[in-house]
Structure formats: structure tokens, C-alpha cells
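**Q** Starting off with a structure, shown below.
The values are calculated or read from the model by the stated rules, or taken from the named source; none is laboratory data. All figures in this text were calculated on a predicted structure; none of them were measured in a lab. Every residue, glycine as well, gets a Cβ built from its backbone with ideal geometry; the counts of neighbours run over all protein chains shown. Areas reflect the complete protein model, heavy atoms only, side chains present, ligands, DNA and RNA absent. Shrake-Rupley method; radii C 1.70, N 1.55, O 1.52, S 1.80 Å.
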Amino acid sequence: GIQVEQSPPDLILQEGANSTLRCNFSDSVNNLQWFHQNPWGQLINLFYIPSGTKQNGRLSATTVATERYSLLYISSSQTTDSGVYFCAVTGGTSYGKLTFGQGTILTVHP
Amino acid sequence: DAGITQSPRHKVTETGTPVTLRCHQTENHRYMYWYRQDPGHGLRLIHYSYGVKDTDKGEVSDGYSVSRSKTEDFLLTLESATSSQTSVYFCAISEEGVGPTGELFFGEGSRLTVL
């Protein structure tokens, strides 16, 4: 099945800093989503972005499907951005089933 | 926020007892999913449903069964719970399948501890 690798595994920031999270995948995709799991365990859908660029407030995402990667940008980070960010894809032989990466743990200090 | 309710939110049970987790949605979405989340394994698909009475297995389906008698409800049953099934269980829904166009939304999770 399709492989998903996220980097970095851990990221520590001061409030106000910017960051870039990366998701690499091993095959062509027809579905890619970014999720944020907050410290209380809730999984929040951030972006549905199989290709192109989207922005939502301080967050934006870009997927370059032909080069098999997606980037999540967080600008002017806040402590509430802390948590785990997951990339999830459907593609290759995994059609119909979302495969999750292992996540990036983000900690934002005040 | 998508209208997804999981119950119970927390449960402690003993090995060998049956357990049923319920997922209820108010979005009238066709697709429903059960995932489990474990340290070191991330999120893994247990079972999913693509319509009333239509279900299929995911990657970690052994020891679990599901039922969907109404569009809004998807039940996950552990017939005889084992300690390896201690986990956080998430229900998710999507209007379309997650293949071509489906955007997935998650419930708040149910923490199950099997002693």
C-alpha cells in the first residue's frame, strides 16, 4: 500500500514563529487531508487538498501531486496550535482507504 | 462542526466481556468509519460502511464486528474484549468515499480500557 512519511517528527517553537510541516507519499494520490489533533484528543479537519494551494487564516497548505509531497504552513504560531498534525492520503493500491502518517508533534511555548 | 456523537466516551471493562461503541451522525453522510489510535501505530481503519447494511473490513478488523441498520448509526462491537483492544476509538464520516473526493470528519473519540 501507499506509504506516508511526515517530517519533522517533533517541532518546538516560540509563540509568533512560523513553521513548515512536510508530508511525503509514495504513490499518486486522489485524496489528501491534513488534520490537527489537539491536546484533548480531538481530530480536526484542517484541509482537504489533493492538489493546489489553500489558505485558512494563519494556516495554508500546498500539495504538489506530481512530486508526491504536501506542505502545511503555520504562521505566527499560537499556543493553541500545539498538538499533533497528521497527513492522510488515499491513492495507489489503497484506493478507498485513508492512510495516515505518523504525525508531527508541535509544541508552541508562550 | 460535523454532527458526530460517540458513546460511551470512556469505558473500563474486563477481558472476555462484550462491548459496543456507538457512533451517531446528524449529517446524513453515506460513509462511516471506525478507527483505532494507538501509540506507535497511528490511526488504523477497523471497519467502514458505505450504506445501510453495507460494510467492509479495514486493516485491523480481527476481533471486531460492525452493524449499520440506519444511516445515522454505526455500531462497533467487541464480542469478547481483550487487553490488546485497549485503545482510543474514533468514528468518522464522509459524504463521499475517501477514495476520489471524500473529506473525512471525526467524532471526539471513545477511550476503552480492557483490564
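**Q** Using θ = phi - 60° and the Karplus curve 6.51 cos²θ - 1.76 cosθ + 1.60, what whole-Hz ³J(HN,Hα) does each residue of region A:41-51 get, with Gly and Pro shown as x?
**A** x, 6, 9, 10, 6, 8, 9, 10, 8, x, 6
**Q** Which log10 I(q)/I(0) values does chain A give at q = 0.15, 0.16 Å⁻¹ under the Debye formula, counting every alpha carbon as one identical point scatterer?
**A** Debye intensities relative to I(0), on a log10 scale: -0.57, -0.65.
**Q** Same structure, new question: How much FRET efficiency would the formula 1/(1 + (r/R0)^6) give for B:THR82 and B:THR5, where r is the Cβ-Cβ distance and R0 is 22 Å, rounded to 0.05?
**A** Here the calculated transfer efficiency is 0.25.
**Q** With solvent modelled as a 1.4 Å probe, how much accessible area in total do chains B and A shield from it at their shared surface, in Å² to the nearest 100?
**A** Summing both chains' loss of accessible area gives about 1600 Å².
**Q** Additional query: From largest accessible area down, sort B:GLU108, B:GLU95, B:GLU72; use a 1.4 Å probe on the protein chains.
**A** Largest accessible area first, the residues go B:GLU95, B:GLU108, B:GLU72.
**Q** Of the chymotrypsin sites (Phe, Trp or Tyr not before Pro) in chain A, which ones lie in a loop per DSSP and count no more than 11 other C-beta atoms within 10 Å?
**A** Answer by residue number: A:TRP40.
**Q** Tally the DSSP beta bridges in chain A and give the antiparallel ones as a percent, rounded to 5.
**A** Bridges in chain A are about 90 percent antiparallel.
**Q** Starting from the exponent 0.38 and prefactor 2.2 Å, build the expected Rg for the protein assembly as shown from its residue count and divide its actual Cα Rg by it.
**A** Dividing the Cα Rg of the protein assembly as shown by 2.2 N^0.38 Å gives 1.01.
**Q** Defining a contact as two alpha carbons under 8 Å apart and six or more residues distant in sequence, what relative contact order in percent does chain B show?
**A** Relative contact order for chain B comes out at 35 percent.
**Q** If you keep only loop residues by DSSP, which GluC sites (Glu not before Pro) in chain A have at most 15 other Cβ atoms within 10 Å of their Cβ?
**A** A:GLU15
**Q** If you look at just the Cα atoms of region B:54-115, how large are its Rg and its Dmax in Å?
**A** 13.0, 40
**Q** Determine the distance separating the Cα centre of region A:56-110 from the Cα centre of region A:18-32; give it in Å without decimals.
**A** 7
**Q** A further question on this structure: For chain B, which span is the longest to avoid every loop-located (per DSSP) member of trypsin sites (Lys or Arg not before Pro) having at most 14 other Cβ atoms inside 10 Å?
**A** Values: sites that count: B:ARG9, B:LYS53.
The segment B:54-115 is the longest one with no such site.
**Q** R0 = 41 Å: FRET efficiency of A:ARG58 with B:THR20, Cβ-based, nearest 0.05? Kindly include the intermediate steps, with their values, before the conclusion.
**A** Values: r = 41 Å, r/R0 = 0.99.
Once rounded, the FRET efficiency stands at 0.50.
**Q** Can you work out ³J(HN,Hα) from phi for every residue in region A:77-84, in order, using Karplus 6.51 cos²θ - 1.76 cosθ + 1.60 and θ = phi - 60°, giving whole Hz and x for Gly and Pro?
**A** 4, 10, 4, 6, 7, 4, x, 10
**Q** Let me ask another. Mind checking the dipole of chain A: about its Cα centre, +1 per Lys or Arg Cβ, -1 per Asp or Glu Cβ, Debye to the nearest 20?
**A** 200
**Q** Amide H to amide H under 5 Å from A:GLU15: which residues, 5+ apart in sequence or cross-chain, H placed 1.01 Å off N in plane?
**A** Under 5 Å from the amide H of A:GLU15 lie the amide H atoms of A:HIS109, each far enough along the sequence or on another chain.
**Q** At 7 Å along the Cα-to-beta-carbon direction for both B:ARG111 and B:ASP54, put a label point, then send me their distance in nm to one decimal.
**A** A separation of 3.7 nm, rounded to one decimal place.
**Q** Using modelled backbone amide H atoms (1.01 Å from N, in-plane), which distant-in-sequence or interchain residues come within less than 5 Å of A:ILE44's amide H?
**A** Placed amide hydrogens put A:HIS36, A:GLN37, A:ASN38 under 5 Å from A:ILE44.
**Q** Please work out the average accessible area per residue across chain B, using the 1.4 Å probe convention, and give it in Å².
**A** 47
**Q** Something else: Determine the shielding of peptide A:27-33 by partner chains: average, over its residues, the number of Cβ atoms on other chains within 10 angstrom of each Cβ.
**A** Partner-chain Cβ atoms within 10 Å, mean over residues of A:27-33: 3.
**Q** What Kirkwood Rh does chain B have if only Cα atoms enter the pairwise 1/r average? Answer in Å.
**A** Taking the inverse mean of 1/r over all distinct Cα pairs, chain B comes out at 14.0 Å.
**Q** List, in order, the whole-Hz ³J(HN,Hα) value for each residue of region B:32-38 obtained from phi through the Karplus relation with A = 6.51, B = -1.76, C = 1.60 and θ = phi - 60°; use x for Gly and Pro.
**A** Per-residue couplings from phi come out as 9, 9, 10, 10, 10, 10, 9 Hz.
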